[in-house]
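Chemist: First, the structure itself, so that you have it in front of you.
The values are calculated or read from the model by the stated rules, or taken from the named source; none is laboratory data. This is a predicted model, so every value here is computed, not measured. Glycine also receives a Cβ, built like all others from the backbone with ideal geometry; neighbour counts cover every protein chain displayed.
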Amino acid sequence: MKTFHKILVANRGEIACRVMRTARALGYRTVAVHSAVDADAPHVMLADEAVPIGAAPAAESYLRVETLLDAARRTGADAVHPGYGFLAESAGFARACATAGLVFIGPPAEAIEVMGDKAVAKRRMIAAGVPTAPGYLDAEQDDERLVAEAEKLGFPLLVKAVAGGGGRGMRLVHAASELREAIASARREVQSAFGNDTLMLERLIERSRHIEIQVFADAHGNALHLGERDCTAQRRRQKVIEEAPSPVVSPAMREAMGRDAVAAALAVGYRGAGTVEFIVDDQLKHYFLEMNTRLQVEHPVTEMITGLDLVEWQLRIAAGEPLPLTQEQVRFSGHAIEARLYAEDPYSGFAPQTGTVLHWRPAAAAVQPDIRIDAGVIEGGAVTPWYDPLLAKVIAYGRDRDDAIRRLMAALEDAPLLGLTNNARFLRDLVDHPSFRAASMHTALLDEWATGDEAMLQRPVPDDELWCLAAAVAIGRGARPASVAGFDLSLECGGTKRTLRVELGAGSVHVDLGATRHEVDLGSEDAGWLDYRYDGIRRRIALVRDDGGHLHFSRAAAGLVFNEVSPFPAADAAHDASRVRSPVAGTVTQVLVVQGELVTAGQTVACVEAMKMEMKLVATVASRVETVRVRTGDQVASGAVLVELEYDKEA
């Protein structure tokens, strides 16, 4: 038995909060660590103690092993929970904790090491009889060898970083012409994230599903699984929706996959919580993908269908206790679905977003035990470019899959997050899409939609009712003197401008849209929600105003922002072809041009990484590079000019 009393959570965001809640329920004291920009973050407020550990970049704070160990020493913490991400799958960190006399709430360093190297893990799985996909695993890493091996495997294939995770360092290659750039890009990304640019190749199993098995093992030789989770809905190899159980897995298939997952854990002397991920082909044959040696983002769906607290299991196993159940005692009930609420724009290539959370009241949706929201942000907090764009997880439980989908859609509508662009409406539409409802999705489907004309990836637009309501709210703020009976009001939303004829009545506003005329009565406004009547029908909507006078509404989980159009024209800096600007705050990972160089339209001139995404910035016209303002490694603000171009504007 390993006795510990105070747990330092070496992480941030929703997972740090999640771990602390269970730790405190079991009587443990908790310690938070935080970077400079996270000083007032929710996980800091929830902990008993908090220690500042450095600047905003993770490499200067959350990834500094010695600083984390020092924080544990200073606060008297005797155990460390790594959460997920950051150092959660670092064998070096696990060893450092052990050397410092701290209980590492996770698997042994040796198991992390084996499973953290995808090539080594795959060899170990082959030896254990776990099915794997064909690929190249050798240590020879020069480009020519990788190209030669790729040609043997055939295309399409995956270039994968052996130390990657969460989709990082993974590139899908459709043809030989794409291979060298994919190799360079994967190496660059994973070197920055994990400090190891070793790659492997794997034949792509097309139209596949991503199904994983939750496993647990203790220090007494016991191991079991807690069923599967289906994580097939992905974009760019990043999970978007997860559910349990999988709608395509039969009891016999669950038994087979569970048996292989437990064999995988036993093959590396595993202990604690882990997830064995499989790719499943269109014949429902499964192949080992990787093992995540930590708690998964999507663990809540397993908790909801088993009634178990997986963090509690982690803590008890770390303390030396045996598994609380046998495999035969594990029971499954109902269906659970988790949607990842991201700070990203699904209608603009899923580009990451930053900003201030103006409205976020998740308790409004999580009033029933069937809805759970694990959040890492609070109202008034800032979302920065330094970390993963995950804002919260919205989880719904139902008697069956249809129940869970219906409740999840309602929860996404009932807990709007306003102030910065996010993917809530996309999530709502996705779980209601015929492909999702029919369980006919595959891991590349969302990426295929992004290159086509899929309707659900068209940006939501306000209906006439919302235009009328925005007009009524705008003049209700005192934008017009009461003595003026009627006037034209120009509003803009999402790039669309409309001029509406507005007339003030006795306690109501009449809006003339040309073909139709509508009456709006504004009611009470409380806690970010506005009551109103539209043509006599009473409704309620989330509304918040920012300091710039913009009106932020949420309708059917879509955030829509209105502002009054200025009568004075303004220069559109965003469409100035002579300036290549960073779309977000982030880090410059590549500068591909020099002063005086001639570039063509569509040529990449620089790359910026933010929130786990590398974005290529291109010249939109044929031009000459006049000035390069940045260097690789520079931190840049959103909208910052990186490269200035000179071109023939008349041509």
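Chemist: Looking at the range 367-384, I want the residues that are not assigned by TED's automatic domain parsing to the domain that holds Asp38 and in a loop (DSSP other than H, G, I, E, B) and have a partner that is among the aromatic types (Phe, Trp, Tyr) and surrounded by 18 or more Cβ atoms within 10 Å (Cβ to Cβ) with Cβ atoms under 6 Å, at least 6 apart or on another chain. Which pairs are those?
Modeler: Short answer, once both residue conditions are applied: Asp370/Tyr397; Glu379/Trp360.
Chemist: Follow-up. Out of the residues in the range 622-651 meeting the condition of being hydrophobic (A, V, I, L, M, F, W, C) and assigned to a loop (DSSP other than H, G, I, E, B), tell me which one is surrounded by the most Cβ atoms within 10 Å (Cβ to Cβ). Spell out how you get there, then give the answer.
Modeler: Quick first cut of the range 622-651, residues hydrophobic (A, V, I, L, M, F, W, C) only: 622, 625, 628, 630, 636-637, 640-643, 645, 651.
Applying the additional criterion that residues be assigned to a loop (DSSP other than H, G, I, E, B) yields 622, 630, 637, 640, 651.
Working: Ala622: 15, Val630: 17, Ala637: 12, Ala640: 20, Ala651: 6.
Once the filter is applied, the top-ranked residue is Ala640.
Chemist: Something else about it: Would you mind stating whether Ala186 is in contact with a Leu (Cβ under 8 Å, 6 or more places away or on another chain), small (Gly, Ala, Ser), within 27 Å of Gly272 (Cα to Cα) and surrounded by 21 or more Cβ atoms within 10 Å (Cβ to Cβ)?
Modeler: Criteria not met by Ala186.
Chemist: Are any residues in the range 539-569 of a type in the set (D, E, K, R) and in contact with an Asp or Glu (Cβ under 7 Å, 6 or more places away or on another chain), and if so, which ones?
Modeler: Within the range 539-569, Arg540 is the sole residue that qualifies.
Chemist: Which residues, taken from the range 430-441, are more than 17 Å from the chain's Cα centre (by Cα) and under 26 Å from Phe553 (Cα atoms)?
Modeler: Answer for the range 430-441, where residues must be more than 17 Å from the chain's Cα centre (by Cα) and under 26 Å from Phe553 (Cα atoms): Asp432, His433.
Chemist: Can you find a residue that is outside the structural domain of Val162 (by TED's automatic domain parsing), in contact with a His (Cβ under 9 Å, 6 or more places away or on another chain), at pLDDT 95 or above and assigned to a helix (DSSP H, G or I) anywhere in the range 63-74?
Modeler: no
Chemist: While we're here: Can you tell me how many residues within the range 567-594 are at pLDDT 85 or above and among the hydrophobic types (A, V, I, L, M, F, W, C)?
Modeler: 7
Chemist: Further question on the same structure: Which of the residues spanning the range 142-166 are exposed (fewer than 14 other Cβ atoms within 10 Å of the Cβ) and assigned to a loop (DSSP other than H, G, I, E, B)?
Modeler: Across the range 142-166, the qualifying residues are Asp142, Gly154.
Chemist: Return the total of residues in the range 77-113 being within 27 Å of Met611 (Cα to Cα) and either small (Gly, Ala, Ser) or in a helix (DSSP H, G or I) (or both).
Modeler: 11
Chemist: Select from the range 386-414 the residues that are within 20 Å of Leu358 (Cα to Cα) and assigned to a helix (DSSP H, G or I) and list them in ascending order.
Modeler: Here is the first cut: in the range 386-414, the ones within 20 Å of Leu358 (Cα to Cα) are 386-394, 411-414.
Scanning the range 386-414 gives Ala411, Leu412, Glu413, Asp414.
Chemist: Looking at (1) under 25 Å from Cys231 (Cβ atoms); (2) buried (at least 16 other Cβ atoms within 10 Å of the Cβ); (3) at pLDDT 95 or above, which is the one condition that is false for Ala470?
Modeler: Result: Ala470 passes all but (1).
Chemist: Before we move on, is Ala444 more than 33 Å from the chain's Cα centre (by Cα), in contact (Cβ under 8 Å) with a residue 40 or more places away in the chain and surrounded by 14 or more Cβ atoms within 10 Å (Cβ to Cβ)?
Modeler: On the way: more than 33 Å from the chain's Cα centre (by Cα): no; in contact (Cβ under 8 Å) with a residue 40 or more places away in the chain: yes; surrounded by 14 or more Cβ atoms within 10 Å (Cβ to Cβ): yes.
No: the conditions fail for Ala444.
Chemist: Would you pick out the residues in the range 167-212 that are over 19 Å from the mean Cα position of the chain (by Cα), part of a helix (DSSP H, G or I) and among the charged types (D, E, K, R)?
Modeler: Of everything in the range 167-212, those that are over 19 Å from the mean Cα position of the chain (by Cα), part of a helix (DSSP H, G or I) and among the charged types (D, E, K, R) turn out to be Glu178, Arg180, Glu181, Arg187, Arg188.
Chemist: I'd like to check something: does the range 51-65 contain any residue that is within 30 Å of Val215 (Cα to Cα) and over 24 Å from the mean Cα position of the chain (by Cα)?
Modeler: Checked against the condition, which is being within 30 Å of Val215 (Cα to Cα) and over 24 Å from the mean Cα position of the chain (by Cα), the range 51-65 yields at least one hit.
Chemist: Right, next: Name the pairs whose Cβ atoms lie under 7 Å apart, with the first residue in the range 74-100 and among the β-branched types (Val, Ile, Thr), the second in a loop (DSSP other than H, G, I, E, B), and 6 or more positions between them or separate chains?
Modeler: That search, which allows pairs on different chains as well, returns Val80/Ala10; Val80/Leu102; Val80/Ile105.
Chemist: Something else now. Among all residue pairs at least 6 apart or on different chains, which show Cβ distances below 8 Å where the first residue, located in the range 203-228, is free of Cβ contacts under 8 Å to residues at least 24 places away in the same chain and the second is surrounded by 20 or more Cβ atoms within 10 Å (Cβ to Cβ) and not in a loop (DSSP other than H, G, I, E, B)?
Modeler: none
Chemist: Across the range 611-636, what is the total count of residues that are over 17 Å from Pro385 (Cβ atoms), of a type in the set (Lys, Arg), touching an Asp or Glu at 6+ places or on another chain (Cβ under 9 Å) and touching a residue at least 24 places away in the same chain (Cβ under 8 Å)?
Modeler: 1
Chemist: Could you count how many residues in the range 573-603 are farther than 22 Å from Gln635 by Cα and either among the aliphatic types (A, V, I, L, M) or touching a residue at least 12 places away in the same chain (Cβ under 8 Å) (or both)?
Modeler: The number of residues fulfilling the criteria is 9.
Chemist: Among the residues of the range 247-275, write down those that are crowded, with 17+ Cβ neighbours inside 10 Å, in a loop (DSSP other than H, G, I, E, B) and either at positive phi or under 21 Å from the mean Cα position of the chain (by Cα) (or both).
Modeler: none
Chemist: Something else about it: Suppose we filter Val509, Val608 for residues that are surrounded by 13 or more Cβ atoms within 10 Å (Cβ to Cβ), within 27 Å of the chain's Cα centre (by Cα) and either under 16 Å from Trp467 (Cα atoms) or in contact (Cβ under 8 Å) with a residue 24 or more places away in the chain (or both); which single one remains?
Modeler: So the residue among Val509, Val608 that is surrounded by 13 or more Cβ atoms within 10 Å (Cβ to Cβ), within 27 Å of the chain's Cα centre (by Cα) and either under 16 Å from Trp467 (Cα atoms) or in contact (Cβ under 8 Å) with a residue 24 or more places away in the chain (or both) is Val608.
Chemist: I've got another one for you. Does Glu597 satisfy the criteria of being at pLDDT below 90, surrounded by 12 or more Cβ atoms within 10 Å (Cβ to Cβ) and over 30 Å from Glu465 (Cβ atoms)?
Modeler: Against the criterion (at pLDDT below 90, surrounded by 12 or more Cβ atoms within 10 Å (Cβ to Cβ) and over 30 Å from Glu465 (Cβ atoms)), Glu597 does not qualify.
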